[in-house]
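Accompanying notes for the structure given below.
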Amino acid sequence: MTTDSFELGPIRPPSEAYSLLIRATKNCPWNRCKFCHVYKGEKFELRSVEEIKQDILAVKAIQDRLKETSWKSGYGGKVEAVAAAILNNPPNEASFNVALWLYHGGTSAFLQDANSLIMRTPELVEVIRFLKQTLPSITRVTSYARSKTAAKKRLEELVQLHEAGLSRLHIGLESGYDPLLEYMDKGVTAAEHIKGGKNIVKSGISLCEYVLLGLGGKKMWREHATETAKVLNQINADFIRVRTLTIKEGMPLYEEVKNGNFVRQTDEEVIEEERLFIEGLDCKSNFISDHITNLLQEIEGKLPEDKEKMLAIIARFQALSPEEKQNFKLGRRLGVYEGLDDLDNLPKHNSVAQAVQRLSHNGNQIDEETIYSLMERFI
Ligand code: SF4
């Protein structure tokens with residue numbers, strides 16, 4: 001029996017904003033990383049193939065109903081217009097997700113939660129096949145995975161998953177520096193990152209590796225930058241995506257900051273780290289900064305050819321006067337600016353300058369705590 005709703009997990013990568021979300025497992029089987037709050041307090045659970053299939057059938061039922069409404073409303077079975085109406089007034093989160101997915105073409109699906117590769121390979125293959133058979137508009141299936149699990153899977157298994165339709169895996173690499181991985185309790189070594197990443201690339205599945213800028217703090221930032229670049233140079237992932245460390249209550253790292261064990265970098269220091277990181281990259285990957293936490297979201301390009309262009313953006317920020325840097329930092333953290341060119345937008349610049357006045361304590365200085373607390377809103 002199908003229902004009007006299905007399970008949804010808490011997150012998906014920014015690039016999967018319009019993907020259908022299918023919850024393959026629940027929560028995180030590791031759940032110990034100090035910088036991550038997403039699944040803390042939640043127990044990991046495998047879901048049965050049958051349960052996941054029921055969710056896929058629930059999606060189909062919602063889709064069929066939208067098609068029927070489309071016919072009845074004179075849209076000839078096209079679901080976009082009906083999906084737009086649902087988006088304005090969704091009966092539940094699941095219908096919202098289906099409507100959003102259909103509105104954007106209905107071609108991508110993302111398997112939640114933190115590490116779908118932990119499922120037995122034949123079961124994951126069965127889920128992906130069923131998903132594509134039941135919802136044939138789907139041409140792209142992606143998921144999160146851990147490097148450690150990818151390192152343990154046999155290459156043939158990853159190839160089977162690729163042949164079944166698994167198009168891309170998103171991995172939280174975070175860092176390639178072993179002492180930092182250990183301190184953060186990431187549960188993986190640089191060598192395992194490399195092995196897992198290479199396995200995925202060899203299997204034909206597209207790979208996206210996420211790096212967490214700022215993770216080294218004031219103590220390990222330099223090694224974090226250089227060693228992470230070295231690891232990525234060996235993997236040659238299709239995509240390297242960066243996010244910037246943001247700390248909030250509920251993360252073990254929050255306590256580490258409070259007791260002085262971990263000292264955060266300023267935005268300027270993170271940018272210097274990013275410069276060192278990019279300088280060290282010598283791989284063929286697409287570099288993407290599509291996360292709101294990144295100060296310079298415009299640093300994007302294809303490596304190696306765009307490296308100088310990317311470094312030039314950093315140089316442009318670093319050459320700003322202290323006042324303009326502060327204005328830009330606050331403008332970004334308030335969500336007013338998208339990129340450095342916005343500094344030339346007079347109305348935006350003036351509104352940020354007024355905010356600087358309001359939020360500064362002495363002599364027009366915004367303290368880092370204010371910037372950090374503004375960043376918390378983004379995660
Ligand atoms: S493996 Fe990923 S989801 Fe799990 S605790 Fe670490 S960062 Fe969070």
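The values are calculated or read from the model by the stated rules, or taken from the named source; none is laboratory data. Source: prediction; values computed, not measured. No Cβ is skipped: glycine too gets one built from the backbone with ideal geometry, and neighbour counts run over all protein chains shown. Keep in mind that these areas ignore ligands, DNA and RNA; they rest on the heavy atoms of the full protein, side chains included. Shrake-Rupley method; radii C 1.70, N 1.55, O 1.52, S 1.80 Å.
What is the local net charge at residue 335, summed over the other residues whose Cβ is closer than 12 Å to its Cβ (Lys, Arg +1; Asp, Glu -1)? So the environment of residue 335 carries a net charge of +2.
All C-alpha pair distances within the chain, sorted into 10 Å bins from zero, spread as 5, 22, 28, 25, 15, 4, 0 percent across the bins.
On full extension, the segment bounded by residue 282 and residue 123 gains 53.5 nm, given 0.36 nm per residue less the C-alpha separation. When nucleic acids and ligands are ignored and a 1.4 Å probe is applied, residue 170 ends up with an accessible area of around 0 Å².
The protection proxy used here, the mean number of other Cβ atoms lying within 10 Å of each residue, ranks peptides 319-331, 137-149 as follows, highest first: 137-149, 319-331.
Counting only DSSP H runs of at least 4 residues, each contributing -39500 (n - 2.57), and dividing by the residue count of the chain, the helix-based mean residue ellipticity at 222 nm comes to -15000 deg cm²/dmol. DSSP finds beta bridges in the chain, and of those with both partners inside it, around 15 percent are antiparallel. A straight line joining the Cα centroids of region 47-91 and region 12-26 runs 17 Å.
Compute the long axis of helix 217-235 from its Cα atoms, compare it with the longest principal axis of the Cα atoms of the chain, and write down the angle in degrees, 0 to 90, nearest 10. Once rounded, the angle reads 50 degrees.
Projecting the Cα positions of 63, 49, 91 onto the charge dipole of region 1-118 (unit charges on Cβ atoms of Lys, Arg, Asp and Glu, taken about the Cα centre) puts 49 furthest along the positive direction. Just to confirm the filter: which GluC sites (Glu not before Pro) across region 44-76 are DSSP coil and have at most 16 other Cβ within 10 angstrom of their Cβ? Passing sites in region 44-76 do not exist.
Taken as Cα centroids, region 120-137 and region 334-379 sit 47 Å apart, rounded to the nearest whole angstrom.
No disulfide-compatible partner, judged by a Cβ distance under 4.7 Å, exists for the following cysteines of the chain: 28, 208, 283.
Under the convention that each Lys and Arg Cβ holds +1 and each Asp and Glu Cβ holds -1, the size of the dipole of the chain around its Cα centre is about 940 debye. Taking a Cβ cut-off of under 13 Å around residue 77, the surrounding Lys, Arg, Asp and Glu residues balance to a net charge of +1, with basic ones at +1 and acidic ones at -1. Extending 7 Å from Cα along the Cβ direction at residue 53 and again at residue 345 yields two label points whose distance is 5.1 nm.
Let me check I've understood the local charge: for residue 94, count other residues with C-beta under 9 angstrom from its C-beta, Lys and Arg +1, Asp and Glu -1. What total comes out? That works out to -4. Axis of helix 307-318 versus longest Cα principal axis of the chain: the two differ by about 50°, to the nearest ten degrees.
The alpha-carbon atoms of region 206-258, seen along their principal axes, cover 37, 23, 13 angstrom, with the largest extent given first.
Its residue count N sets the reference 2.2 N^0.38 Å, and the alpha-carbon radius of gyration of region 17-70 equals 1.55 times that reference.
Between helix 346-359 and the chain there is an angle of about 70 degrees, using the helix long axis and the longest principal axis of the Cα atoms.
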